[in-house]
1. For the chain, what does the relative contact order come out to in percent, with C-alpha contacts under 8 Å and a separation of six or more?
2. Just the number please: accessible area per residue for the chain, 1.4 Å probe, all protein chains included, in Å².
3. Taking 0.36 nm per intervening residue step and subtracting the Cα-Cα distance, what contour gain separates Thr72 from Arg44 on full extension?
4. From the phi of every residue in the stretch 68-79, what ³J(HN,Hα) in whole Hz does the Karplus formula 6.51 cos²θ - 1.76 cosθ + 1.60 yield, where θ is phi - 60° and glycine or proline is x?
5. Give the calculated FRET efficiency between Arg89 and Ala54 to the nearest 0.05, with a Förster radius of 35 Å applied to their Cβ-Cβ distance.
6. Report, please, the projected area of the stretch 43-87 averaged over directions, based on the convex hull of its C-alpha atoms, in nm².
7. State the Kirkwood hydrodynamic radius of the chain in Å, one decimal place, computed from all pairs of distinct Cα atoms.
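The values are calculated or read from the model by the stated rules, or taken from the named source; none is laboratory data. Every value quoted in this text rests on a predicted model; they were computed, and no experiment measured them. Note that we place each Cβ from the backbone using ideal geometry, even for glycine, and neighbour counts take in every protein chain shown. These area figures cover heavy atoms from the full protein model, side chains too; ligands, DNA and RNA do not enter into them. Shrake-Rupley method; radii C 1.70, N 1.55, O 1.52, S 1.80 Å.
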Amino acid sequence: MAEVRQGVDALDRALVALIAERQRYMDAAARIKPDRDAVHDDARIEDVVTKVLATAAVHHLSPDIAEPVWRTLIDRCIAHEFGVYDRTRS
């Protein structure tokens, strides 16, 4: 069990690094987008989720894990992006 936990902890550290990288892209997007209405894009959200589910299937990740995790990630990234957008425009 200790080895399993060590593996999970290592993966968690790697995931945090990857999510931080994703956040930096959201920071860039907030600076680039021409107006606040462009921050939330339903079509882009569905495109991302569709791509994630296809990749999840290839890697045998349950869609019951992948979809809610990514929808939450997207939701929080949009909230972050709104904050960055507002701070860079004030």
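1. Computed over the chain, the figure is 38 percent.
2. 74 Å²
3. Difference between extended and current length: 8.6 nm.
4. Those phi angles translate into x, 5, 6, 5, 5, 4, 4, 4, 5, 5, 5, 4 Hz.
5. The formula returns an efficiency of 0.50 here.
6. 3.2 nm²
7. Its Kirkwood hydrodynamic radius stands at 14.7 Å.
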